[in-house]
1. Could you size up the charge dipole of the chain around its Cα centre, putting +1 on the beta carbon of Lys and Arg and -1 on that of Asp and Glu, and report it in debye to the nearest 20?
2. When you count, for each residue, the other Cβ atoms within 10 Å and take the mean per peptide, how do 33-44, 14-25 rank with the highest first?
3. Mind pulling the per residue volume of the convex hull built on the Cα atoms of the chain? Å³ is fine.
4. By per-residue mean of other Cβ atoms within 10 Å, what is the highest-first order of 50-58, 81-89?
5. Quick one: accessible surface of residue 79, probe radius 1.4 Å, all protein chains present, in square angstrom to the nearest 10.
6. Explain nothing, just compute: Karplus ³J(HN,Hα) = 6.51 cos²θ - 1.76 cosθ + 1.60, θ = phi - 60°, for every residue of region 53-58 in order, whole Hz, x for Gly and Pro.
7. Apply the Karplus curve 6.51 cos²θ - 1.76 cosθ + 1.60, θ = phi - 60°, to the phi angles in region 93-105 and return the couplings in whole Hz, x for Gly and Pro.
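The values are calculated or read from the model by the stated rules, or taken from the named source; none is laboratory data. These numbers come from a predicted model, not from an experiment. Methodologically, a virtual Cβ is constructed for each residue, glycine included, from the backbone with ideal geometry; neighbour enumeration extends over all protein chains shown. Note: areas computed on protein heavy atoms with side chains; ligands, DNA, RNA excluded. Shrake-Rupley method; radii C 1.70, N 1.55, O 1.52, S 1.80 Å.
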Amino acid sequence: MPIPAAPTELEELQVGDKVLVKRVLDHPAWMKQVPCDPRNGSTTKYVRDPQVVEELGMSSVVDRRAVPVIAAAGNWPGREAHTLVRLPNGFWYDCATGLQDGSGSTRIERA
């Protein structure tokens, strides 16, 4: 899946900046299940729903936060530092990828 915008563009987002919110059409939340050949290991499969529109609309950044790095400890691999922005819908978006944090069902692009 292509990244919606160059990471440097999104990492510069500040409170009040406008963004375009889009669905990630390959995410199961927007796909539909259809029957398939059970020899494939399942009786259904996900396919894109042609009735789902990709573009949701314009929004603005209402909050921004930097998530610090946490070093690996024991069996836990740790996490890299990243920057998140929040929209009025309450969801946070990763500035490195533009994807909705924790879901990936929607993404943002700089307007």
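1. Numbers: 13 positive and 14 negative charges, 64 e Å.
Charge dipole, the chain, about its Cα centre: 300 debye, nearest 20.
2. Details: 33-44: 10.1, 14-25: 15.1.
Going from most to least packed, we get 14-25, 33-44.
3. Details: hull volume 14.8 nm³, N = 111.
Per residue, the Cα convex hull of the chain comes to 133 Å³.
4. Details: 50-58: 10.0, 81-89: 15.8.
Top to bottom by mean Cβ count within 10 Å: 81-89, 50-58.
5. Residue 79 exposes around 90 Å² with every protein chain in place.
6. Along region 53-58, the couplings run 8, 6, 7, 9, x, 8 Hz.
7. Once rounded to whole Hz, the list reads 10, 6, 6, 6, 10, x, 7, 4, 5, x, 9, x, 7.
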